[in-house]
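Contents: one structure, followed by commentary.
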Amino acid sequence: VAAAGAVMLLAEHFVKAPEWTWLILAYFFLAGLSGGTYALGTMLRLFGRSADVPAARFAFLVSLPLLVLCPVLLTLDLGQPLSFWHMLIDNANGSLNFKYLSPMSVGAWGLFIFGIFSFISFVDALLAFRRPDSSGGLLTGLLGSVVMILGTVFGLYICAYTGVLLSVSNQPVWSDGWPLGGLFLGSALSGSAALLLLAVRYRADLQPSARGLTAADRYFVILEAGLIVVFLATVFLAGTAAKLFTPIGILLWLFVLAGLAAPFLLHRGMAERGRLSPLAPLIVLAGVLALRAVVIFGAQS
(Lines give C-alpha, C1' and ligand atoms only; values in the text may rest on other atoms or scores of the structure.)
Protein backbone atom coordinates (compact mmCIF):
# COMPACT_ATOMS: atom_id res chain seq x y z
CA VAL A 1 0.00 0.00 0.00
CA ALA A 2 1.74 3.07 -1.10
CA ALA A 3 1.35 6.00 -3.39
CA ALA A 4 1.69 9.74 -3.62
CA GLY A 5 1.98 12.76 -5.79
CA ALA A 6 0.25 13.63 -9.01
CA VAL A 7 0.43 10.07 -10.29
CA MET A 8 -2.22 9.28 -7.70
CA LEU A 9 -4.77 11.03 -9.88
CA LEU A 10 -4.39 8.23 -12.41
CA ALA A 11 -4.04 5.40 -9.89
CA GLU A 12 -6.33 2.41 -9.85
CA HIS A 13 -9.12 2.58 -7.29
CA PHE A 14 -10.12 0.01 -4.74
CA VAL A 15 -13.14 -1.99 -5.84
CA LYS A 16 -14.07 -3.08 -2.31
CA ALA A 17 -13.06 -2.26 1.24
CA PRO A 18 -9.47 -3.47 1.69
CA GLU A 19 -10.20 -4.75 5.22
CA TRP A 20 -7.12 -3.12 6.70
CA THR A 21 -6.35 -4.01 10.30
CA TRP A 22 -4.13 -2.63 13.05
CA LEU A 23 -1.03 -3.59 11.03
CA ILE A 24 -1.84 -0.92 8.44
CA LEU A 25 -2.83 1.52 11.18
CA ALA A 26 0.59 1.04 12.80
CA TYR A 27 2.27 1.41 9.40
CA PHE A 28 0.51 4.71 8.69
CA PHE A 29 1.39 5.96 12.18
CA LEU A 30 5.07 4.96 12.18
CA ALA A 31 5.70 6.06 8.59
CA GLY A 32 4.40 9.53 9.45
CA LEU A 33 6.59 9.75 12.53
CA SER A 34 9.65 8.58 10.59
CA GLY A 35 9.24 11.18 7.86
CA GLY A 36 8.25 13.88 10.33
CA THR A 37 11.18 13.38 12.70
CA TYR A 38 13.57 13.45 9.75
CA ALA A 39 12.08 16.73 8.54
CA LEU A 40 12.33 18.24 12.02
CA GLY A 41 15.92 17.03 12.32
CA THR A 42 16.76 18.84 9.09
CA MET A 43 15.06 22.04 10.26
CA LEU A 44 16.94 21.96 13.56
CA ARG A 45 20.21 21.27 11.79
CA LEU A 46 19.93 23.87 9.03
CA PHE A 47 17.97 26.64 10.76
CA GLY A 48 18.51 26.02 14.46
CA ARG A 49 21.20 27.12 16.83
CA SER A 50 24.32 25.15 17.71
CA ALA A 51 22.48 24.06 20.87
CA ASP A 52 19.90 22.35 18.65
CA VAL A 53 22.43 19.98 17.06
CA PRO A 54 21.89 17.21 19.67
CA ALA A 55 18.12 17.32 19.04
CA ALA A 56 18.68 17.18 15.28
CA ARG A 57 20.93 14.16 15.65
CA PHE A 58 18.46 12.47 17.95
CA ALA A 59 15.72 13.02 15.35
CA PHE A 60 17.88 11.29 12.72
CA LEU A 61 18.62 8.45 15.14
CA VAL A 62 14.89 7.90 15.69
CA SER A 63 13.77 8.20 12.06
CA LEU A 64 15.48 5.10 10.68
CA PRO A 65 14.26 2.54 13.27
CA LEU A 66 10.71 3.81 12.83
CA LEU A 67 11.06 3.45 9.07
CA VAL A 68 12.50 -0.07 9.29
CA LEU A 69 9.34 -1.21 11.04
CA CYS A 70 7.19 -0.08 8.09
CA PRO A 71 8.10 -2.79 5.53
CA VAL A 72 7.88 -5.34 8.35
CA LEU A 73 4.28 -4.32 9.03
CA LEU A 74 3.49 -4.26 5.30
CA THR A 75 4.87 -7.72 4.66
CA LEU A 76 3.06 -9.13 7.69
CA ASP A 77 -0.16 -7.68 6.30
CA LEU A 78 0.52 -9.25 2.91
CA GLY A 79 1.01 -12.64 4.53
CA GLN A 80 3.93 -13.30 2.16
CA PRO A 81 6.98 -11.39 3.40
CA LEU A 82 9.05 -11.88 0.23
CA SER A 83 6.32 -10.28 -1.85
CA PHE A 84 7.46 -6.82 -0.82
CA TRP A 85 10.63 -7.14 -2.88
CA HIS A 86 8.60 -7.88 -5.98
CA MET A 87 7.49 -4.24 -5.87
CA LEU A 88 11.14 -3.21 -6.38
CA ILE A 89 12.58 -6.02 -8.46
CA ASP A 90 10.91 -7.89 -11.30
CA ASN A 91 11.43 -11.52 -10.26
CA ALA A 92 10.97 -12.65 -13.88
CA ASN A 93 14.09 -10.95 -15.26
CA GLY A 94 15.74 -9.26 -12.25
CA SER A 95 15.21 -5.72 -13.59
CA LEU A 96 13.92 -2.78 -11.58
CA ASN A 97 10.18 -2.88 -11.20
CA PHE A 98 8.89 0.71 -11.28
CA LYS A 99 5.36 1.42 -12.51
CA TYR A 100 4.60 5.10 -12.25
CA LEU A 101 0.85 4.48 -12.57
CA SER A 102 0.82 1.93 -9.76
CA PRO A 103 0.26 3.30 -6.23
CA MET A 104 1.99 0.29 -4.71
CA SER A 105 5.05 0.62 -6.92
CA VAL A 106 5.41 4.39 -6.41
CA GLY A 107 4.99 4.04 -2.66
CA ALA A 108 7.42 1.15 -2.33
CA TRP A 109 10.10 3.10 -4.18
CA GLY A 110 9.35 6.19 -2.08
CA LEU A 111 9.95 4.18 1.08
CA PHE A 112 13.14 2.71 -0.36
CA ILE A 113 14.64 6.05 -1.47
CA PHE A 114 13.74 7.76 1.80
CA GLY A 115 15.35 4.82 3.57
CA ILE A 116 18.67 5.59 1.86
CA PHE A 117 18.67 9.20 3.09
CA SER A 118 17.47 8.14 6.52
CA PHE A 119 20.27 5.58 6.75
CA ILE A 120 22.96 8.12 5.79
CA SER A 121 21.69 10.58 8.39
CA PHE A 122 21.43 7.81 10.99
CA VAL A 123 25.07 6.85 10.45
CA ASP A 124 26.13 10.51 10.65
CA ALA A 125 24.30 10.95 13.95
CA LEU A 126 25.64 7.68 15.31
CA LEU A 127 29.24 8.60 14.49
CA ALA A 128 28.82 11.98 16.14
CA PHE A 129 26.99 10.62 19.18
CA ARG A 130 30.00 11.11 21.44
CA ARG A 131 30.46 14.69 20.20
CA PRO A 132 27.07 16.27 21.02
CA ASP A 133 28.42 19.83 20.96
CA SER A 134 30.07 19.51 17.57
CA SER A 135 28.40 20.31 14.27
CA GLY A 136 30.91 18.18 12.39
CA GLY A 137 30.13 14.82 10.82
CA LEU A 138 29.32 13.32 7.46
CA LEU A 139 26.53 15.79 6.74
CA THR A 140 28.58 18.98 6.63
CA GLY A 141 28.89 21.72 4.07
CA LEU A 142 26.83 22.04 0.91
CA LEU A 143 26.72 18.30 0.22
CA GLY A 144 25.39 17.58 3.69
CA SER A 145 22.71 20.22 3.31
CA VAL A 146 21.65 18.78 -0.06
CA VAL A 147 21.40 15.28 1.42
CA MET A 148 19.24 16.48 4.31
CA ILE A 149 17.00 18.60 2.09
CA LEU A 150 16.43 15.75 -0.37
CA GLY A 151 15.83 13.39 2.53
CA THR A 152 13.27 15.83 3.92
CA VAL A 153 11.46 15.99 0.57
CA PHE A 154 11.06 12.22 0.60
CA GLY A 155 10.30 12.26 4.33
CA LEU A 156 7.41 14.66 3.81
CA TYR A 157 6.31 12.50 0.90
CA ILE A 158 6.16 9.54 3.27
CA CYS A 159 4.09 11.60 5.73
CA ALA A 160 1.51 12.56 3.12
CA TYR A 161 1.25 9.71 0.64
CA THR A 162 -0.86 7.42 2.81
CA GLY A 163 -3.53 10.10 3.02
CA VAL A 164 -3.34 10.73 -0.72
CA LEU A 165 -3.68 6.99 -1.34
CA LEU A 166 -6.92 6.94 0.65
CA SER A 167 -8.32 10.00 -1.10
CA VAL A 168 -7.96 8.46 -4.58
CA SER A 169 -9.77 5.28 -3.61
CA ASN A 170 -13.47 4.78 -4.27
CA GLN A 171 -14.32 4.14 -0.63
CA PRO A 172 -16.86 6.42 1.06
CA VAL A 173 -15.18 8.97 3.34
CA TRP A 174 -11.75 8.36 1.79
CA SER A 175 -12.72 9.42 -1.72
CA ASP A 176 -14.77 12.30 -0.30
CA GLY A 177 -11.93 13.63 1.84
CA TRP A 178 -9.50 15.14 -0.67
CA PRO A 179 -7.54 17.00 2.10
CA LEU A 180 -6.37 13.69 3.61
CA GLY A 181 -2.82 13.99 2.23
CA GLY A 182 -2.30 17.40 3.83
CA LEU A 183 -4.08 16.30 7.00
CA PHE A 184 -1.85 13.27 7.49
CA LEU A 185 1.19 15.45 6.79
CA GLY A 186 0.24 18.05 9.40
CA SER A 187 -0.67 15.33 11.87
CA ALA A 188 2.63 13.51 11.31
CA LEU A 189 4.63 16.68 11.95
CA SER A 190 2.66 17.36 15.12
CA GLY A 191 3.24 13.82 16.34
CA SER A 192 6.93 13.99 15.46
CA ALA A 193 7.40 17.20 17.45
CA ALA A 194 5.62 15.53 20.36
CA LEU A 195 7.89 12.50 20.09
CA LEU A 196 10.99 14.69 20.28
CA LEU A 197 9.50 16.64 23.21
CA LEU A 198 8.96 13.34 24.99
CA ALA A 199 12.67 12.63 24.55
CA VAL A 200 13.53 16.13 25.84
CA ARG A 201 11.86 15.16 29.11
CA TYR A 202 14.47 12.46 29.69
CA ARG A 203 17.60 13.77 27.94
CA ALA A 204 19.34 16.84 29.32
CA ASP A 205 21.30 17.44 26.10
CA LEU A 206 18.02 17.98 24.21
CA GLN A 207 16.50 20.50 26.60
CA PRO A 208 17.88 23.61 24.80
CA SER A 209 15.51 22.69 21.94
CA ALA A 210 12.44 22.41 24.17
CA ARG A 211 11.10 25.88 23.51
CA GLY A 212 11.47 25.65 19.74
CA LEU A 213 9.91 22.19 19.58
CA THR A 214 7.02 23.32 21.77
CA ALA A 215 6.34 26.25 19.44
CA ALA A 216 6.63 23.99 16.40
CA ASP A 217 4.20 21.49 17.91
CA ARG A 218 1.64 24.25 18.42
CA TYR A 219 1.99 25.49 14.85
CA PHE A 220 1.61 21.97 13.47
CA VAL A 221 -1.43 21.36 15.67
CA ILE A 222 -3.05 24.53 14.34
CA LEU A 223 -2.37 23.33 10.79
CA GLU A 224 -3.77 19.89 11.64
CA ALA A 225 -6.90 21.37 13.24
CA GLY A 226 -7.59 23.53 10.20
CA LEU A 227 -7.23 20.56 7.86
CA ILE A 228 -9.51 18.45 10.07
CA VAL A 229 -12.20 21.12 9.67
CA VAL A 230 -11.78 21.09 5.89
CA PHE A 231 -11.75 17.29 5.79
CA LEU A 232 -14.92 17.01 7.87
CA ALA A 233 -16.61 19.66 5.72
CA THR A 234 -15.93 17.58 2.59
CA VAL A 235 -17.33 14.36 4.06
CA PHE A 236 -20.36 16.15 5.52
CA LEU A 237 -21.10 17.65 2.10
CA ALA A 238 -20.76 14.18 0.57
CA GLY A 239 -23.18 12.76 3.13
CA THR A 240 -20.76 10.12 4.45
CA ALA A 241 -19.72 11.70 7.75
CA ALA A 242 -21.90 9.31 9.77
CA LYS A 243 -19.30 6.59 9.21
CA LEU A 244 -16.81 8.63 11.23
CA PHE A 245 -19.15 9.18 14.17
CA THR A 246 -20.11 5.72 15.33
CA PRO A 247 -19.81 5.17 19.12
CA ILE A 248 -16.19 4.03 18.68
CA GLY A 249 -15.58 6.84 16.20
CA ILE A 250 -16.79 9.44 18.70
CA LEU A 251 -14.42 8.03 21.32
CA LEU A 252 -11.53 8.27 18.86
CA TRP A 253 -12.47 11.86 18.00
CA LEU A 254 -12.27 12.71 21.71
CA PHE A 255 -8.66 11.48 21.67
CA VAL A 256 -8.02 13.58 18.56
CA LEU A 257 -9.42 16.69 20.26
CA ALA A 258 -7.37 16.01 23.39
CA GLY A 259 -4.26 15.77 21.22
CA LEU A 260 -5.04 19.11 19.61
CA ALA A 261 -5.57 20.82 22.97
CA ALA A 262 -2.66 19.30 24.90
CA PRO A 263 0.18 21.47 23.48
CA PHE A 264 -1.69 24.62 24.53
CA LEU A 265 -3.03 23.49 27.90
CA LEU A 266 -0.21 21.34 29.25
CA HIS A 267 2.95 22.88 27.76
CA ARG A 268 2.24 26.35 29.13
CA GLY A 269 5.34 27.64 30.87
CA MET A 270 7.01 24.23 31.03
CA ALA A 271 9.48 24.78 28.20
CA GLU A 272 10.60 28.06 29.72
CA ARG A 273 11.30 26.27 33.03
CA GLY A 274 13.25 23.59 31.22
CA ARG A 275 10.99 20.89 32.62
CA LEU A 276 8.44 19.18 30.40
CA SER A 277 5.75 16.76 31.49
CA PRO A 278 5.55 13.56 29.42
CA LEU A 279 1.75 13.79 29.55
CA ALA A 280 1.26 16.37 26.79
CA PRO A 281 3.44 14.61 24.16
CA LEU A 282 1.81 11.27 24.96
CA ILE A 283 -1.67 12.78 24.51
CA VAL A 284 -0.62 14.34 21.20
CA LEU A 285 0.73 11.01 19.96
CA ALA A 286 -2.47 9.26 21.06
CA GLY A 287 -4.44 11.86 19.09
CA VAL A 288 -2.31 11.30 15.98
CA LEU A 289 -2.91 7.56 16.21
CA ALA A 290 -6.63 8.04 16.87
CA LEU A 291 -7.01 10.28 13.82
CA ARG A 292 -5.64 7.58 11.55
CA ALA A 293 -7.74 4.93 13.27
CA VAL A 294 -11.02 6.79 12.83
CA VAL A 295 -10.28 7.52 9.17
CA ILE A 296 -9.02 4.02 8.27
CA PHE A 297 -11.63 2.00 10.14
CA GLY A 298 -14.51 4.45 9.73
CA ALA A 299 -14.58 4.07 5.96
CA GLN A 300 -14.58 0.28 6.31
CA SER A 301 -17.46 0.14 8.79
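The values are calculated or read from the model by the stated rules, or taken from the named source; none is laboratory data. No experiment lies behind these values; they were computed from the predicted model shown. All Cβ positions, glycine included, derive from the backbone under ideal geometry; neighbour counts span all protein chains shown. Ligands, DNA and RNA are excluded from the accessible area calculation, which covers all protein heavy atoms including side chains. Shrake-Rupley method; radii C 1.70, N 1.55, O 1.52, S 1.80 Å.
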Next item on the list: Scan region 131-144 for residues that are out of contact with any helix residue (DSSP H, G or I) (no Cβ under 6 Å at 6 or more places or on another chain) and either at pLDDT 55 or above or open to solvent by 80 Å² or more (accessible area, probe 1.4 Å) (or both) and jot them down.
Entry: R131, D133, T140, G141, L142, L143, G144
Check: K243 is checked against (1) open to solvent by 30 Å² or more (accessible area, probe 1.4 Å); (2) touching a helix residue (DSSP H, G or I) at 6+ places or on another chain (Cβ under 7 Å); (3) closer than 30 Å to L198 by Cα and fails just one. What number does that condition carry?
Finding: (3)
Check: Before we move on, is A262 surrounded by 20 or more Cβ atoms within 10 Å (Cβ to Cβ), under 23 Å from the mean Cα position of the chain (by Cα) and among the aliphatic types (A, V, I, L, M)?
Finding: yes
Note to self: Cβ-Cβ under 6 Å, sequence separation 6+ or interchain: first residue in region 272-301 and modelled with pLDDT under 90, partner part of a helix (DSSP H, G or I) and charged (D, E, K, R). Which pairs?
What the structure shows: G298/K243; S301/K243
Check: Among the residues of region 217-240, how many are part of a loop (DSSP other than H, G, I, E, B) and either open to solvent by 50 Å² or more (accessible area, probe 1.4 Å) or modelled with pLDDT of 95 or more (or both)?
Finding: 1
Item checked: Selected residue [surrounded by fewer than 16 Cβ atoms within 10 Å (Cβ to Cβ) and either modelled with pLDDT of 60 or more or touching a Ser or Thr at 6+ places or on another chain (Cβ under 9 Å) (or both)] from V68, V62 -> V68
Notebook entry, point to check: What do you reckon, is S167 touching a helix residue (DSSP H, G or I) at 6+ places or on another chain (Cβ under 6 Å), small (G, A, S), on the phi < 0 side of the Ramachandran plot and open to solvent by 10 Å² or more (accessible area, probe 1.4 Å)?
Noted result: yes
Margin query: Just to be sure I understand, how many residues within region 199-209 are crowded, with 18+ Cβ neighbours inside 10 Å and out of contact with any Lys or Arg (no Cβ under 9 Å at 6 or more places or on another chain)?
Written below: 3
Item checked: Check on S190, of a type outside the set (D, E), surrounded by fewer than 24 Cβ atoms within 10 Å (Cβ to Cβ) and touching a residue at least 40 places away in the same chain (Cβ under 8 Å) -> no
Next item on the list: Show the residue pairs that are 6+ apart or on different chains and have beta-carbon atoms under 9 Å apart, the first residue being within region 135-150 and assigned to a helix (DSSP H, G or I), the second being among the basic types (K, R) and at pLDDT 90 or above.
Entry: G144/R45; S145/R45; M148/R45
Notebook entry, point to check: Got a number for residues in region 184-216 being of a type in the set (S, T, N, Q) and either over 18 Å from T162 (Cα atoms) or not in a helix (DSSP H, G or I) (or both)?
Noted result: 3
